[in-house]
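Everything below concerns the one structure shown next.
The values are calculated or read from the model by the stated rules, or taken from the named source; none is laboratory data. The model shown is predicted, which means the values in this text are computed figures rather than measured ones. Please note: Cβ atoms are built from the backbone with ideal geometry, for glycine as well, and neighbour counts cover all protein chains shown. These accessible areas exclude ligands, DNA and RNA; they are computed on the full protein's heavy atoms, side chains included. Shrake-Rupley method; radii C 1.70, N 1.55, O 1.52, S 1.80 Å.
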Amino acid sequence: MLTAGFFYLFAVLAIASATMVIVARNPVHAVLFLILTFFNAAGLFILLGAEFLAMLLVIVYVGAVAVLFLFVVMMLDVDFAELRAGFINNAPVGLLVAGIVLVELIALFVSGAAGGLPSAIPAAAPGTEALSNTEQIGRVLYTKYVYFFQAAGLVLLVAMVGAIVLTLRHREGVKRQSIAAQNARTPATGLEMVKVASGGAVVPSSEAKR
Amino acid sequence: MAEQSTLWDSLIWLAINVGLSLALLTGLLIIIAYLLLLDRKVWAAVQMRKGPNVVGPWGLLQSFADLIKFAVKEPVIPAGANKGVFLLAPLATAVCALAAWAVIPVSENSWGKWVISDLNVGVLYILAISSLGVYGVIMGGWASNSKYPFMGALRSAAQMVSYEVSIGFVIITVLLLVGSLNMTEIVRAQADGIGTSAGLPASFLDWHWLVLLPMFVIFFISALAETNRPPFDLVEAESELVAGFMVEYSSTPYLLFMLGEYVAIVTMCALGTILFLGGWLPPVDIAPLNWVPGIVWFILKATFLFFMFAMVKAFVPRYRYDQLMRLGWKVFLPLSLLAVVVVAAVVQFGGVT
């Protein structure tokens with residue numbers, strides 16, 4: 001009873017906020033609605049008994065990815081008039097993509113109703129009903145699917161290295177703080193006694209060597 | 001959360017949970033009112049001032065006077081502000097901070113577990129909710145439509161996301177020792193450890209702070225950064241950004257921001273208590289000490305951690321922003337990552353749990 005109520009609450013809110021993502025005029029509002037959509041999706045996961053996935057969804061997507069989205073959208077100077085002008089031109093492509101997704105969903109639903117899908121899902125983790133789903137996921141992820149898991153990790157690592165390579169540049173002439181060097185400084189290395197002739201200037205030895 | 005058979009059953013279940021939640025939140029907020037006073041008193045004592053001492057005996061009613069003052073003032077909304085988001089931001093901060101308490105177990109006795117929701121992914125829930133705290137800050141900074149709040153919001157977004165990573169790894173080391181994501185299990189696992197294996201009665205030597213001392217230190221410092229407490233309060237560094245993301249806020253919205261911040265700090269103290277200081281377990285499991293109800297120990301330990309937070313605020317100067325990022329990414333991240341590998345290896349091959 002309560003579960004059903006929560007299902008309809010989350011489902012309606014998810015669909016409504018997903019609609020608002022594409023309808024909202026202000027891009028920051030759109031991202032905030034996207035976050036609300038993620039949140040409701042997490043709620044639906046919990047109702048399915050997949051609390052581990054729900055928490056990961058919130059931690060990864062809401063806690064990290066959407067923060068970066070929001071960051072970028074707030075910083076970018078987007079020209080909304082120009083964006084909206086392209087709407088009619090892009091509409092046929094959008095409708096085509098939407099149509100393909102709809103057909104796929106219907107195909108999936110029909111095959112699932114025929115019994116193709118439900119038998120495949122429990123086969124992924126056989127005989128572990130007594131365990132919590134965190135343990136179940138851990139058991140298959142690090143045994144049966146360990147190579148896929150590692151491969152996914154490698155893809156992310158390569159993407160990270162690529163992003164760093166693209167953006168990293170060493171500028172000349174920038175003084176950087178070296179905390180290790182600072183901490184290693186002693187009075188012997190940091191202090192220099194200079195004998196200054198009357199009327200003369202103080203020339204540090206590092207300057208004098210040049 | 002068993003399947004509810006009838007409408008009546010589920011309504012009773014709902015009413016009990018709402019009642020328990022209200023009891024927990026009321027207790028929490030009253031404790032926070034006094035922790036806030038403690039914070040100011042400690043700060044004052046370090047600076048050789050008296051601190052709040054006028055309202056009530058020894059200033060005990062100061063927090064309530066502040067509450068009334070905030071509530072009856074006029075909320076000013078800047079003309080250029082994005083009104084909806086502007087008002088939503090403090091609400092998001094306060095609600096997210098309070099929501100984290102749903103899974104925090106404060107005690108356990110013959111009546112059962114003293115927790116609203118005994119989620120078996122409790123730790124992840126805390127991580128998820130605490131990572132939502134950043135939204136209140138970003139939304140507030142952006143919706144104010146002003147330079148300083150926006151700068152503060154950007155700083156906080158980067159800071160909170162960075163330190164979440166090291167907090168996550170620190171928590172993983174604890175979870176590896178415990179073997180469960182349930183908060184109650186984490187405390188139960190600390191009933192035996194180093195002390196009991198040496199033949200002593202169950203005591204504070206068994207708690208995780210001793211086994212994972214470096215991790216406890218990293219957790220404490222990361223918790224300071226995660227909650228934007230000094231010395232990492234660059235989000236609201238008054239010498240640079242006036243009050244950061246809170247510049248444009250007044251009255252109750254400002255109160256909600258402050259409340260959310262303090263609730264988040266107390267949540268971190270409670271989390272530290274559960275992960276490292278043995279939750280509600282007595283310091284030594286002998287006769288007079290284990291007669292004391294568990295919740296008393298829990299509150300004492302959390303208050304001790306809060307006292308350390310307050311002392312750090314009083315005597316550590318503020319970090320520079322690049323040093324803050326260096327500490328998070330170049331010191332804590334490699335250290336905590338290494339610790340995860342070492343602890344996992346010890347658990348797997350050393351047979352120590």
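Of the residues making up the range B:1-25, those that are open to solvent by 80 Å² or more (accessible area, probe 1.4 Å), part of a helix (DSSP H, G or I) and small (Gly, Ala, Ser) number 0.
Just checking, which of B:Ala202, B:Ala153, B:Ala157, B:Ala225 is buried (at least 20 other Cβ atoms within 10 Å of the Cβ) and closer than 24 Å to B:Val115 by Cβ? Selected residue: B:Ala202, the only one of B:Ala202, B:Ala153, B:Ala157, B:Ala225 that is buried (at least 20 other Cβ atoms within 10 Å of the Cβ) and closer than 24 Å to B:Val115 by Cβ. The requirement of being within 14 Å of chain A (Cβ to nearest Cβ) and either exposed (fewer than 13 other Cβ atoms within 10 Å of the Cβ) or free of Cβ contacts under 8 Å to residues at least 40 places away in the same chain (or both) is not satisfied by B:Ser63.
Each row is one residue, and each column tells you yes or no for (1) of a type outside the set (Phe, Trp, Tyr); (2) closer than 15 Å to B:Gly133 by Cβ; (3) within 14 Å of another protein chain (Cβ to nearest Cβ).
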position	(1), (2), (3)
B:Pro75	yes, no, no
B:Ala81	yes, no, yes
B:Phe86	no, no, yes
B:Ala97	yes, yes, no
B:Ile104	yes, no, no
B:Glu108	yes, no, no
B:Trp111	no, no, no
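Residues that are open to solvent by 70 Å² or more (accessible area, probe 1.4 Å) and β-branched (Val, Ile, Thr) were ranked within the range B:26-60; the one that is farthest from B:Gly141 (Cα to Cα) is B:Val54. Within the range B:184-218, which residues are in a helix (DSSP H, G or I) and within 22 Å of B:Val331 (Cβ to Cβ)? Those that are in a helix (DSSP H, G or I) and within 22 Å of B:Val331 (Cβ to Cβ): B:His208, B:Trp209, B:Val211, B:Leu213, B:Pro214, B:Met215, B:Phe216, B:Val217, B:Ile218. The set of residues in the range B:113-125 being more than 7 Å from chain A (Cβ to nearest Cβ), of a type in the set (Val, Ile, Thr) and surrounded by 20 or more Cβ atoms within 10 Å (Cβ to Cβ) consists of B:Val115, B:Val123.
Before we move on, is B:Ala100 open to solvent by less than 10 Å² (accessible area, probe 1.4 Å), in contact with a Ser or Thr (Cβ under 9 Å, 6 or more places away or on another chain) and small (Gly, Ala, Ser)? Answer is yes for this residue. Among the residues of the range B:105-112, is any open to solvent by less than 70 Å² (accessible area, probe 1.4 Å), of a type in the set (A, V, I, L, M, F, W, C) and over 25 Å from B:Gly244 (Cβ atoms)? Yes, because at least one residue in the range B:105-112 is open to solvent by less than 70 Å² (accessible area, probe 1.4 Å), of a type in the set (A, V, I, L, M, F, W, C) and over 25 Å from B:Gly244 (Cβ atoms). Counting only helices (runs of 4 or more DSSP H) that sit completely within the range B:267-353, those holding 3 or more residues that are modelled with pLDDT of 85 or more and open to solvent by less than 50 Å² (accessible area, probe 1.4 Å) correspond to B:294-315, B:333-345. Close contacts from the range B:241-261, counting a first residue that is part of a loop (DSSP other than H, G, I, E, B) and a second that is aliphatic (A, V, I, L, M), with Cβ to Cβ under 6 Å and a gap of 6+ residues or different chains, come to B:Ser250/B:Val76.
Every condition in (1) open to solvent by less than 60 Å² (accessible area, probe 1.4 Å); (2) in a helix (DSSP H, G or I); (3) at the interface with chain B (Cβ under 10 Å from one of its Cβ atoms); (4) not basic (Lys, Arg) is met by A:Leu68 except one, and the failing one is (1).
Condition test on B:Tyr135, is it within 9 Å of chain A (Cβ to nearest Cβ) and buried (at least 20 other Cβ atoms within 10 Å of the Cβ)?
Yes: the conditions hold for B:Tyr135.
The sole residue among B:Ala153, B:Ala128, B:Ala157 that is closer than 22 Å to A:Ser132 by Cβ and either facing chain A (nearest Cβ under 9 Å) or of a type in the set (Lys, Arg) (or both) is B:Ala128.
Condition check ((1) free of Cβ contacts under 8 Å to residues at least 40 places away in the same chain; (2) farther than 26 Å from B:Gly133 by Cβ; (3) under 21 Å from the mean Cα position of the chain (by Cα)) across all residues:
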{"site": "B:Ala270", "(1), (2), (3)": "no, no, yes"}
{"site": "B:Ile286", "(1), (2), (3)": "no, yes, no"}
{"site": "B:Met308", "(1), (2), (3)": "no, no, yes"}
{"site": "B:Gln323", "(1), (2), (3)": "yes, no, no"}
{"site": "B:Lys330", "(1), (2), (3)": "yes, no, no"}
{"site": "B:Leu337", "(1), (2), (3)": "no, no, no"}
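For B:Ile218, the conditions (1) at pLDDT below 80; (2) within 30 Å of B:Ala102 (Cβ to Cβ) all hold with the exception of (1). If you go through the range A:47-65 and pick out every residue that is facing another protein chain (nearest Cβ under 7 Å) and open to solvent by 60 Å² or more (accessible area, probe 1.4 Å), you end up with 0.
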